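Down below is the structure, laid out as structure tokens.
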Amino acid sequence: FIAPVGLTLRAAYPVGPPHLHKKLYVRTPLDEAVTEQTVVLVNPPSVIHACYLPALREMAGEPVPKRVRALAPGLPSVTARRLDTHTLAVRPERGYLNLFFDRLFRNGKQPLSLGQKITLSGMTAEVTELTADNRPAAAAFRFDTPLEDRSLLWLVWIDGRFRPWTPPPIGETVELRPDPSGVEWLR
């Protein structure tokens, strides 16, 4: 009895309840130029919803980003430090793979090790620090182009929505802490 009902609900709402999806979806206007850009979501509140961005834009007939990169779970906060022209070091307050949904992308049977690098098109991520329970605590993201390059469109989650962002100057650190009223859905 439960499985057919669950399947029906899941088919009707593949990204979760509509009210939650509306809060977590990237509603920032993206013009046709985005088809040649990598959208970098520095601190999305839901990495899963960030992954749906290309498919949902395609289904809506909107321009689709060339790539989407989500750097860190944005709750409760993320610290970003600019290391050089191409690299941003990122530290989520509670580390990576902390929440159940974060672990959908990487399970504990294949842990990431200190110094391990993951290379994707246009970017390499390196684990730079581990938590006491051996999860990544921080990572450095090195892009193939300077961080100011127009091929990168930076967005951060602040005040309950995604906003355009500029990485800090080399050597500087910024803390991205969402406004608590923007994450009331967690309560």
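The values are calculated or read from the model by the stated rules, or taken from the named source; none is laboratory data. Fair warning: this is a prediction, and the values are worked out from it, not measured in the lab. All Cβ positions, glycine included, derive from the backbone under ideal geometry; neighbour counts span all protein chains shown. Remember, those area values only see protein heavy atoms, side chains included, never the ligands or the DNA or RNA. Shrake-Rupley method; radii C 1.70, N 1.55, O 1.52, S 1.80 Å.
The GluC sites (Glu not before Pro) found in the range 78-187 that occupy coil by DSSP, while having at most 12 further C-beta atoms within 10 Å, are E148, E172. Estimated from the Cβ-Cβ distance and a Förster radius of 22 angstrom, the FRET efficiency linking E148 and E36 is about 0.90.
Rounded to the nearest 0.05, the FRET efficiency derived from the C-beta distance between I2 and M59 at R0 = 30 Å is 0.60.
Once you list every other residue whose beta carbon is under 11 Å from the beta carbon of G95, what net charge do they have if Lys and Arg are +1 and Asp and Glu are -1? Surrounding charge for G95 is -1. Taking 0.36 nm per residue of separation and subtracting the Cα-Cα distance, full extension of the segment from D159 to R67 would add 30.7 nm. Hey, for a label at R106 modelled as a point 7 Å past Cα toward Cβ, could you say which residues of the range 152-178 have their backbone N under 15 Å away? Once the point is set 7 Å along Cα→Cβ of R106, nothing inside the range 152-178 turns out to lie under 15 Å by backbone N.
Taking every protein chain into account, the accessible area of the range 14-172 amounts to 52 square angstrom per residue (probe 1.4 Å). A Förster radius of 35 Å combined with the Cβ-Cβ distance from K117 to R177 puts the calculated FRET efficiency at roughly 0.80.
Taking each residue as 0.36 nm, the span from S77 to T131 lengthens on full extension beyond its C-alpha to C-alpha distance by 17.8 nm.
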